[in-house]
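The values are calculated or read from the model by the stated rules, or taken from the named source; none is laboratory data. As the structure is a prediction and not an experimental result, all values here were calculated from the model. Please note: Cβ atoms are built from the backbone with ideal geometry, for glycine as well, and neighbour counts cover all protein chains shown.
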Amino acid sequence: MSVKITVPATSANIGIGYDCLGMAVTLYSHFTFDRADELTITGCPEEFQNADNLVYQSFCAALYHWGEKPFPVSIHIDSHIPVARGLGSSSTCTVAGIMGAAALTGRIVGRAEAVSIATMMEGHPDNVAPAIMGSLVCSFTPEGELPRCIRYEVERGLHFVTVIPPYEVKTEDARKVVPQEVSLHDAVWQMGRISGLTRGLETGDAELIAAACEDRIQEPYRRALIPDYDEVRRICLQGGALTMWISGSGSTLMAVTNDGLIAESLRARIAQSFPAFDVHVLDCDPRGVRIQLL
Ligand SMILES: Nc1ncnc2c1ncn2[C@@H]1O[C@H](COP(=O)(O)OP(=O)(O)O)[C@@H](O)[C@H]1O
Ligand SMILES: N[C@@H](CCOP(=O)(O)O)C(=O)O
């Protein structure tokens, strides 16, 4: 029996919600698992075709977590999510490993358990929670407890113009430029806006989305890691986007509009100015991870 796990890309932070907000979008990676005589991994760059592969590591960690011994598998990866661009490729691997292990051993896993195992592996829940649950998720972890996830529906008329530069930004490097302390004034600034932005995305309130999405914690520092940030932002906002944020830790930039024609026009305009970039118009994925038996 083969098992196919499909995991959506995620845009963590949504600008204002550093390490706590994230949204699943309609770009996917597919992972097919089979029991095998020895470990084989295909479909990904050669550097990942070994036992250190994050999917396999997550597969083994999940089995250990359930008190089971790892066993050899073949894993085939068909990913449409670029690596180290801020679209949660590492989370797709983590989530796929857990769900592949569960499916091959006939285990039923609920969202809370999957998010909790995946958060232990990833360190923060903002990508893995929406990758598992779909939609927009705000998460936090009370001291010594499991992560709590609040899931919001996202207005179906919102479109996300996703601008993917040809260069990487490693999450590890992008975390180093974020200051460890914020002022009380900036903390208050963020709190009001995170509430405003989640409500804006839920209701499609364009004015609220535009007003609330202005981050002071990470974006002012990380924009310097993305040489084309200013120009892409200028094109998007002048072209009628409601706002634009750095997706995860970058380098992807994501602009929001409630007008499908503006989304398409922005995609074409950016593709013309930046021919080496990939540009997609994505929607919010409301479902999260899927499991198929083949
Ligand atoms: N197909 C894959 N197989 C194994 N590991 C992968 C794969 N895709 C991504 N990764 C892991 O995820 C890392 C990228 O994660 P990160 O820098 O957090 O960026 P992002 O998650 O935004 O793409 C890679 O360096 C690699 O370790
Ligand atoms: N909250 C994290 C999210 C990193 O997401 P990724 O998709 O870039 O791995 C951060 O901002 O560092």
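Details
- Residues in the range 181-234 that are among the β-branched types (Val, Ile, Thr) and either surrounded by 20 or more Cβ atoms within 10 Å (Cβ to Cβ) or in contact with a strand residue (DSSP E or B) (Cβ under 8 Å, 6 or more places away or on another chain) (or both) were compared, and the one that is nearest to Ala263 (Cα to Cα) is Val232.
- Of all residues in the range 178-197, those that are in a helix (DSSP H, G or I) have Cβ atoms under 6 Å from Cβ atoms of residues that are of a type outside the set (Gly, Ala, Ser), 6 or more apart or on another chain, in Asp186/Arg216; Trp189/Arg216; Arg193/Ile16; Ile194/Ile16; Gly196/Leu208; Leu197/Ile16; Leu197/Cys213.
- From the list Ile262, Ile217, the lone residue that is outside any strand (DSSP E or B) and under 20 Å from the mean Cα position of the chain (by Cα) is Ile217.
- Qualifying residue in the range 156-164 (condition: over 21 Å from Val289 (Cα atoms) and crowded, with 24+ Cβ neighbours inside 10 Å): yes
- Residue list for the range 212-266, filter: within 24 Å of Ala84 (Cβ to Cβ) and among the charged types (D, E, K, R): Asp215, Glu219, Arg222, Arg223, Asp228, Asp230, Glu231, Arg233
- Restricting the range 20-53 to residues that are buried (at least 19 other Cβ atoms within 10 Å of the Cβ) and part of a loop (DSSP other than H, G, I, E, B), the residue that is farthest from ligand 1 (Cβ to nearest atom): Cys20
- Qualifying residue in the range 281-289 (condition: buried (at least 17 other Cβ atoms within 10 Å of the Cβ) and basic (Lys, Arg)): no
- Checklist (1) more than 14 Å from the chain's Cα centre (by Cα); (2) within 12 Å of ligand 2 (Cβ to nearest atom); (3) of a type outside the set (Asp, Glu) applied to Val73, failing item: (2)
- Matching entry among Arg148, Arg85 (being closer than 19 Å to Val289 by Cα and of a type in the set (Lys, Arg)): Arg148
- For the range 267-280, taking the residues that are among the aliphatic types (A, V, I, L, M) and buried (at least 16 other Cβ atoms within 10 Å of the Cβ), the one that is farthest from Val163 (Cα to Cα) is identified as Ile270.
- Selection within the range 211-231 - touching a helix residue (DSSP H, G or I) at 6+ places or on another chain (Cβ under 7 Å), of a type in the set (A, V, I, L, M, F, W, C) and away from ligand 1 (no atom under 16 Å from the Cβ): Ala211, Ala212, Cys213, Ile217
- Among residues of the range 90-121 being touching a residue at least 60 places away in the same chain (Cβ under 8 Å) and in contact with a strand residue (DSSP E or B) (Cβ under 7 Å, 6 or more places away or on another chain), the one that is nearest to ligand 2 (Cβ to nearest atom) is Ser91.
- Inter-residue pairs, beta-carbon under 8 Å, first aromatic (Phe, Trp, Tyr) and in the range 164-176, second surrounded by 14 or more Cβ atoms within 10 Å (Cβ to Cβ) and at pLDDT 95 or above, 6+ apart: Tyr167/Ser251
- Qualifying residue in the range 137-155 (condition: more than 16 Å from ligand 2 (Cβ to nearest atom) and in a helix (DSSP H, G or I)): no
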